[in-house]
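Working notes for the structure below.
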Amino acid sequence: MDSLSAVMASLTIAKEAASAAVGIRDHNLVAAQIAAVNDQLLKAQQGLFLYGTQMADIQNNLRETQDQLRELKRMQSERDNYALVQISEGVWVYKSKPLPEISEGNSDAVQPPHYLCQKCFDSGKKVVLQRTALYYGHALWCTACDSKLGF
């Protein structure tokens, strides 16, 4: 009986050892799979980081483009207030157009008539031409580009 008990105990220990070995083997297989999943998660995280960086760049470009568009619209609106006119043979300037009054009695809404330097205005600067005397008569003078336009 003692021998049978010893054999049974030995078989139980062997069974537990076999189960432990199978558990270790399964753990090693699972660990390899977990490592592969972790590797894929890391790659996905790096991809998301790259995507986030690209998205931030695109948003910055969009913001800059919107700012440029607003500025171009503002410049176009400003340009619409002027007409290119010839004040003498071959002398071109931008002349202010009369602005409609916003409300009666509002003198701030009225723009006084004036001329702008065509060269400067076409390059994005709004420079009002000044009347100046020359030895042969009068001219309009641009204080920015120093052009003297005879009329």
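A few comments on the model shown:
- Principal semi-axes of the equivalent ellipsoid, √(5λ) from the alpha carbon gyration tensor of the range 1-80, are 75, 8, 4 Å from largest down.
- Close Lys pairs in the chain, defined as Cα atoms under 27 Å apart and 8 or more places apart or on different chains, number 16.
- Top of Leu50, Leu140, Leu129 by mean-square fluctuation, Gaussian network on the chain, Cα under 10 Å: Leu50
- Scalar couplings 3J(HN,Hα) for the range 88-93, obtained by applying the Karplus form with A = 6.51, B = -1.76, C = 1.60 to θ = phi - 60°, are 7, 3, x, 10, 10, 9 Hz; x denotes Gly and Pro.
- Radius 11 Å from Cβ of Ser19, net charge of other residues (Lys, Arg +1; Asp, Glu -1): 0
- Residue with peak Gaussian network fluctuation, the chain [Cα springs, cutoff 10 Å], from Ala56, Ala20, Ala35: Ala20
- The sum of -39500 (n - 2.57) across all DSSP H runs of n ≥ 4, divided by the residue count of the chain, sets its helix-only mean residue ellipticity at 222 nm to -20500 deg cm²/dmol.
- Share of Cα-Cα pairs in the chain lying beyond 26 Å, as whole percent: 65 percent
- Max mean-square fluctuation residue, GNM over the chain, Cα-Cα springs under 10 Å, options Gln33, Gln59, Gln46: Gln33
Only the coordinates and a few stated rules stand behind these numbers; no lab work does. Values in this document were obtained by computation on a predicted structure and should not be read as measured data. Reconstructed Cβ throughout: ideal geometry from the backbone, glycine too, with neighbour counts over all protein chains shown.
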